[in-house]
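Only one structure is covered here, and it is reproduced in the block below.
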Amino acid sequence: VTGEDEILAGLRDMLAGITGRPGLAAAPPPTALLGPDGAGLDSLTGTLLLTEVQHRFGVDVAAEDLSLDSLATLGTLAAFIAARLPG
Amino acid sequence: VIKCVVWDIDNTLLTGTYLESGEQLPAPDAGLVEVARELDRRGIVHALASKNPPEAAAYVARVTQLPFAAAECGWGRKSEAVTRIIDGLGIGADTVAFVDDDLMERAEVAAGLPGVLVLSPEDAAEAPDWPDFRPAVLTDEGRRRGRLYAQRRLRQEEARAFGGSRDDFLRQAGTRVQIRPAVAADLPRLHELSVRTHQFTTAGGPVSEAGLAAWLSSGRYRLITARLSDRFGDDGLVGGVLADTGEPDTGEGTAAAAAGSWPAGPAGSWTVPLLVMSCRAMGRGVLDALLAALCQQAAAAGATQLRVRCRVTPRNVPLRLALAAAGLRAAAAGRPAGAEPVLFTRSLSGVLPAIPDWADVTGAAGGRP
């Protein structure tokens, strides 16, 4: 069973890889994901993250969360995934 | 309609095998290169997928003088190479054709990517006559599309090596987003965007030039365009947004009223029935700038709420990400429901999204804010 800490670790690796910013591999849970502050994801890098999340955790965030509120911070996304892990 | 042709190299674009040719490298296939050039003139872009070292792609680009938007060289499955090309260009599999002389490779791509049009070189030679390869509208941006995608490839290679934040890369690349009220000359390109765009559109389908013209002539609507350029190249008009201010109509208003088919918002709200952006502009700060400018113009005009009507599809997730980043939220939470457009709203009081420093915004004509 994957715990929230493992999900957080997985998301940090994805963020660092997608943005090319190694510093994000140590981002704390309150780090904002969208917009100019924090991880600074945009529509391109955000889509890549959601695709990787679906691939790795089997959770289709875009299909489950209309407003994408789960992308507020790294922590809210990890909690959203944890609550929906299959099996 | 086909937007991109992915070509094999050996015995397809070349009249031989790159690695087995010794000192004398194989010549390009003159017939297919001429076909590719004709498709390029129609705004269809080209890519390479080859079981060869990357030098083979560089050789083909040199001897054919064609602009390639992407090149995948390696020994993995061709269906995976084509998938990476599709993802990188931000287009749908059903807008891609794949040309390979090898029957097994064609079968592998056809099985792995059922949407892709799979062709032998003999089929491809006749492609210019097929309706699939004839775009309905062709604008200046469309004719230059091949070059624009080749510039995009250079930009992406530099962005990958950059290491800083996206915003810092956009500044370093000299990005300029110009936001202006639309004029009549912009309408063919806005129509073309509504036809071609699936990832960045709130509409379910094309919007006619006549409809756009009716909105443009009405005092009630704002039609705003975004142009994009940086030191890699000038992408021209890449996006547009239509806003219904809800104000009483002026001038030629009857045509405009007939063209609109959405419920008006409550007093004090601006409603956006149409927001489109070229997928080529993805990741370059255009939607951020356009949505920020829209929020500020609406607030300056006294509106208290911005509403965006958006059809939610599996394809337009990138657009929903841009809406979320601009603070727009769906009225209902949870799963997207059905084919009906969803209303995304945000308040215009308090802190509005900032217009990025690479954007330059001019308000509506006639001295409106």
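The values are calculated or read from the model by the stated rules, or taken from the named source; none is laboratory data. Just so it is clear, the model here is predicted, and its values are computed rather than measured. Positions of Cβ are backbone-derived with ideal geometry, glycine not excepted, and every protein chain shown enters the neighbour counts.
Structure data summary
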{"item": "Selected residue (criterion: nearest to B:Gln305 (Cα to Cα)) from residues of segment B:208-223 that are surrounded by 23 or more Cβ atoms within 10 Å (Cβ to Cβ) and in contact (Cβ under 8 Å) with a residue 40 or more places away in the chain", "result": "B:Arg222"}
{"item": "Test: residue in segment B:177-188 that is in a helix (DSSP H, G or I) and touching a residue at least 40 places away in the same chain (Cβ under 8 Å)", "result": "yes"}
{"item": "Pair list, Cβ under 8 Å, 6 or more apart: segment B:134-155 residue hydroxyl-bearing (Ser, Thr, Tyr), other residue modelled with pLDDT of 80 or more and assigned to a helix (DSSP H, G or I)", "result": "B:Thr139/B:Pro188; B:Thr139/B:Arg189; B:Thr139/B:Glu192; B:Tyr149/B:Leu89; B:Tyr149/B:Arg280"}
{"item": "Candidate set from segment A:65-87 (those that are in contact (Cβ under 8 Å) with a residue 24 or more places away in the chain and in contact with a Phe, Trp or Tyr (Cβ under 8 Å, 6 or more places away or on another chain)); member that is nearest to A:Gly10 (Cα to Cα)", "result": "A:Ile81"}
{"item": "Some residue of segment B:15-23 being farther than 28 Å from B:Glu192 by Cα, in contact with an Asp or Glu (Cβ under 6 Å, 6 or more places away or on another chain) and in a loop (DSSP other than H, G, I, E, B)", "result": "yes"}
{"item": "Residue check for B:Arg155: surrounded by fewer than 20 Cβ atoms within 10 Å (Cβ to Cβ), at pLDDT 80 or above and away from every other protein chain (no Cβ under 14 Å)", "result": "no"}
{"item": "Segment A:30-64, subset in contact (Cβ under 8 Å) with a residue 12 or more places away in the chain and either among the aromatic types (Phe, Trp, Tyr) or out of contact with any helix residue (DSSP H, G or I) (no Cβ under 7 Å at 6 or more places or on another chain) (or both), residue nearest to A:Ala16 (Cα to Cα)", "result": "A:Gly38"}
{"item": "Residue tally, condition farther than 27 Å from B:Asp140 by Cα and either part of a loop (DSSP other than H, G, I, E, B) or of a type in the set (Val, Ile, Thr) (or both), over segment B:24-51", "result": "6"}
{"item": "Extreme residue, farthest from the other protein chains (Cβ to nearest Cβ), among residues of segment A:23-45 that are in a helix (DSSP H, G or I) and over 20 Å from A:Glu4 (Cα atoms)", "result": "A:Gly23"}
{"item": "Per-region count, segment B:276-301, residues small (Gly, Ala, Ser), within 11 Å of chain A (Cβ to nearest Cβ) and touching a strand residue (DSSP E or B) at 6+ places or on another chain (Cβ under 8 Å)", "result": "3"}
